Number of protein chains: 2
Amino acid sequence: MTGEPNTSPAGFPATSKPAVVLLSGGLDSTTVLAVAKRDGYTPFAMTFRYGQRHSVEIDAARRVAQAMGVAKHVVVDIDLRQWGGSALTADVDVPKDRDVDHAVDEIPVTYVPARNTIFMSFALAWAEVLGADAIFIGVNALDYSGYPDCRPEYVAAFETMANLATAAGVQGTHRLRIHAPLQHLTKAQIVALGHDLGVDYSITTSCYDPAPDGTACGHCDACQLRLRGFAEAGARDPIAYAD
Amino acid sequence: MTGEPNTSPAGFPATSKPAVVLLSGGLDSTTVLAVAKRDGYTPFAMTFRYGQRHSVEIDAARRVAQAMGVAKHVVVDIDLRQWGGSALTADVDVPKDRDVDHAVDEIPVTYVPARNTIFMSFALAWAEVLGADAIFIGVNALDYSGYPDCRPEYVAAFETMANLATAAGVQGTHRLRIHAPLQHLTKAQIVALGHDLGVDYSITTSCYDPAPDGTACGHCDACQLRLRGFAEAGARDPIAYAD
């Protein structure tokens, strides 16, 4: 894990409200970071480097953290690949031009078992250390592309568990909340919200299968949902696509 | 993470019952592994290498996994140290000769935020890949030494969350159970159970602060609880202590 202090490397004022924000560098998590700032939180951004992620995404997360002035940005290395004989270890082709509207009952091959649970568990550890009572995550139930760990009932159950897991929970000093402000928004509504909050989407990336120079493929589920979101919001997506 | 196949490197028969067993190489988790085997599970053992752990403990986990014939043993590297400014990063002295009977309302400095949540999240990922419907963990509410994430209500909440997190949960193919068979046992009862199941405790270690050669200190909370457990079970602890 590497720590990258940005605007406030030495910490934050005791009067501020620290929050851990899970940041992938994509459209959703970047919008969530803007929401956390709007709501008066001092954001501490956490990004994961794991088997299936491209350095393109890590680079985007670093750009976003820098541009949006987080108090601290950590990149946590986790290894989800070397599990014996599983989809996690396989070189799975990212599906292209899939019908994303009719895919919600199907778990896609890009699904990583327990990924959000692992991410939020690390966020919980950092939140406890910071004395933060908020974790922000960009899960989204409408355009969720079939992932079980993006549903509202999952997020609520994680919150319940988290409040039983920590010293703060036991001592009753504060209650942790998992904020999922995009939960019930369409991609178009997310884009509109981000524009209202002044988000610069040109530094983000969402593609599951980018070219080495970072150019998005335009055909994976994430690209399709993102492009449609911009179109429906009547806006232009400022990033580069392969075609 | 390194994979170390033991008795059945290529997998397990489709008719067996795979279970992920969290294995530290200590008295509790070794007993839990024996319980999983007694109950007919094919154990897949998972050990974590993190900042505060000694290689002595990893070595013990490897010995136990080997001796007890798990299907596979993985050692997962996670970094819990480099969080900015926290008890996680500090070189904290392990408390010695503490009154463990009157320490349960106090969170000890050896507490690692969200540790069991992180461990069980990785176990959940592996369980989903294996199609396992069981995770075994050696938490213990009686001799729990003040850790919030060892309590029964915490374990139950994790199980509820886990069943909402996974593809298997969503598809309703099976329900995952978190087995905590030591939950309501005293250390003496754990030792007695292990002896009934033929556990060789000479290859385990429990000490928070072992000497480089692996000799247990005899004075930390873990040593005190372990030694008293053996004494109350009328048994001799076969490992070496510093005095």
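Here are some notes:
Here is a yes/no grid of residues against (1) at pLDDT below 55; (2) crowded, with 18+ Cβ neighbours inside 10 Å; (3) facing chain A (nearest Cβ under 7 Å):
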{"site": "B:GLN66", "(1), (2), (3)": "no, no, no"}
{"site": "B:LYS72", "(1), (2), (3)": "no, yes, yes"}
{"site": "B:GLN82", "(1), (2), (3)": "no, no, yes"}
{"site": "B:SER86", "(1), (2), (3)": "yes, no, yes"}
{"site": "B:ALA90", "(1), (2), (3)": "yes, no, no"}
{"site": "B:VAL94", "(1), (2), (3)": "no, yes, no"}
{"site": "B:ASP97", "(1), (2), (3)": "no, no, no"}
{"site": "B:GLU106", "(1), (2), (3)": "yes, no, no"}
{"site": "B:PHE119", "(1), (2), (3)": "no, yes, no"}
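- Whichever residue in the stretch A:126-142 is facing chain B (nearest Cβ under 9 Å) and surrounded by fewer than 24 Cβ atoms within 10 Å (Cβ to Cβ) and, among such residues, is nearest to A:LEU185 (Cα to Cα): A:LEU130
- Odd one out for A:TYR154, checked against (1) more than 10 Å from chain B (Cβ to nearest Cβ); (2) within 26 Å of A:ASP99 (Cβ to Cβ); (3) of a type outside the set (D, E, K, R): (1)
- Unique residue being out of contact with any strand residue (DSSP E or B) (no Cβ under 8 Å at 6 or more places or on another chain), more than 14 Å from chain A (Cβ to nearest Cβ), surrounded by fewer than 24 Cβ atoms within 10 Å (Cβ to Cβ) and at pLDDT 95 or above when the list is B:HIS184, B:HIS195: B:HIS195
- Residue list for the stretch B:135-151, restricted to those being outside any loop (DSSP other than H, G, I, E, B) and at pLDDT 90 or above: B:ILE135, B:PHE136
- Answer from A:ARG236, A:ARG228, A:ARG177 - the residue that is under 29 Å from A:VAL56 (Cβ atoms), touching a residue at least 40 places away in the same chain (Cβ under 8 Å) and either surrounded by fewer than 22 Cβ atoms within 10 Å (Cβ to Cβ) or not aliphatic (A, V, I, L, M) (or both): A:ARG228
- If the condition is being part of a helix (DSSP H, G or I) and not charged (D, E, K, R), then the stretch A:23-43 contributes A:LEU27, A:SER29, A:THR30, A:THR31, A:VAL32, A:LEU33, A:ALA34, A:VAL35, A:ALA36.
- Residues that are modelled with pLDDT of 70 or more, at the interface with chain A (Cβ under 8 Å from one of its Cβ atoms) and either touching an Asp or Glu at 6+ places or on another chain (Cβ under 7 Å) or part of a loop (DSSP other than H, G, I, E, B) (or both) are absent from the stretch B:50-58.
- Meeting the requirement of 2 or more residues that are over 21 Å from B:ASP99 (Cα atoms), the helices (runs of 4 or more DSSP H) wholly within the stretch B:163-234 are B:167-171, B:187-196.
The values are calculated or read from the model by the stated rules, or taken from the named source; none is laboratory data. None of these values were measured; they are calculated from a predicted model. Ideal geometry is used to build each Cβ from the backbone, glycine not excepted, and the neighbour counts take in all protein chains shown.
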